[in-house]
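Structure, as structure tokens:
The values are calculated or read from the model by the stated rules, or taken from the named source; none is laboratory data. Given the structure is predicted, the values throughout are model-derived calculations rather than measurements. Ideal geometry is used to build each Cβ from the backbone, glycine not excepted, and the neighbour counts take in all protein chains shown.
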Amino acid sequence: MKPEQVNITCHTDDRGVLYQIYGSYKFPELKRIYVVGNFGRGTIRGFHRHEEEWKGYFVTNGSAKFVVADEDRNLSTYVLSSKNPTVLIIPPRYDQGWISLEENTVLIGISNKSLEESLKDDIRTDPFTYGREVWNVKAR
């Protein structure tokens, strides 16, 4: 299976918004939900990978650029934003990392492993393993 960005249906009325970030897509047994926040734009988290753990990411505030690499070092990028609700699902054996594109970016992480299980399955690499330019915002 490959990483997948899943659009989330957002229901809006005069009271505000409501959306469900878990339940409408394929994901193994859920064991953990956590929050990660970066205070400043340009903060990099990653790279790391897991041999068994599945990850899901949802940005609740701000925006983030995710860089994901398969075992052959093929790169994919995904932008998650609180303005366009999506969940990024990353199966095992993919290097992954993200950079805040806005101040005070906050995301929710979901996992099929407990924290203890995740730490035993955690392989960290340098954030510049695939070059510094992977974190740049490209002019279009």
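Taking the stretch 123-140 only, how many residues are of a type in the set (A, V, I, L, M), at pLDDT 95 or above and closer than 16 Å to Y78 by Cβ? First the steps, then the outcome.
Going residue by residue through the stretch 123-140, those that are of a type in the set (A, V, I, L, M) are 123, 134, 137, 139.
Keeping just the survivors that are at pLDDT 95 or above gives 123, 134.
Filter again for closer than 16 Å to Y78 by Cβ, leaving 134.
So the answer is 1.
This table checks each residue for (1) in contact with a His (Cβ under 7 Å, 6 or more places away or on another chain); (2) within 27 Å of D126 (Cα to Cα).
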| site | (1), (2) |
| --- | --- |
| P3 | no, yes |
| C10 | no, no |
| Y19 | yes, no |
| L30 | no, no |
| Y57 | no, yes |
| A64 | no, yes |
| R73 | no, yes |
| E103 | no, yes |
| K113 | no, yes |
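Scanning the stretch 103-140 for residues that are basic (K, R) and either assigned to a helix (DSSP H, G or I) or surrounded by fewer than 14 Cβ atoms within 10 Å (Cβ to Cβ) (or both) turns up K120, R124, R132, K138, R140. Condition first: among the β-branched types (V, I, T) and in contact (Cβ under 8 Å) with a residue 60 or more places away in the chain. Now tell me which residues in the stretch 44-74 satisfy that. Result: I44, V67, V68. Do you know which residues across the stretch 1-36 are surrounded by 14 or more Cβ atoms within 10 Å (Cβ to Cβ) and farther than 18 Å from E53 by Cα? The answer is V6, I8, I21.
Table: residues versus (1) hydroxyl-bearing (S, T, Y); (2) closer than 22 Å to I8 by Cβ; (3) at pLDDT 95 or above; (4) under 12 Å from the mean Cα position of the chain (by Cα).
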site: K26; (1), (2), (3), (4): no, yes, no, no
site: E29; (1), (2), (3), (4): no, yes, no, no
site: D72; (1), (2), (3), (4): no, no, yes, no
site: L88; (1), (2), (3), (4): no, yes, yes, yes
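The set of residues in the stretch 90-99 being in contact with a strand residue (DSSP E or B) (Cβ under 8 Å, 6 or more places away or on another chain) and either touching a residue at least 60 places away in the same chain (Cβ under 8 Å) or farther than 24 Å from T9 by Cα (or both) consists of I90, P92, R93, Y94, D95, Q96, G97, I99.
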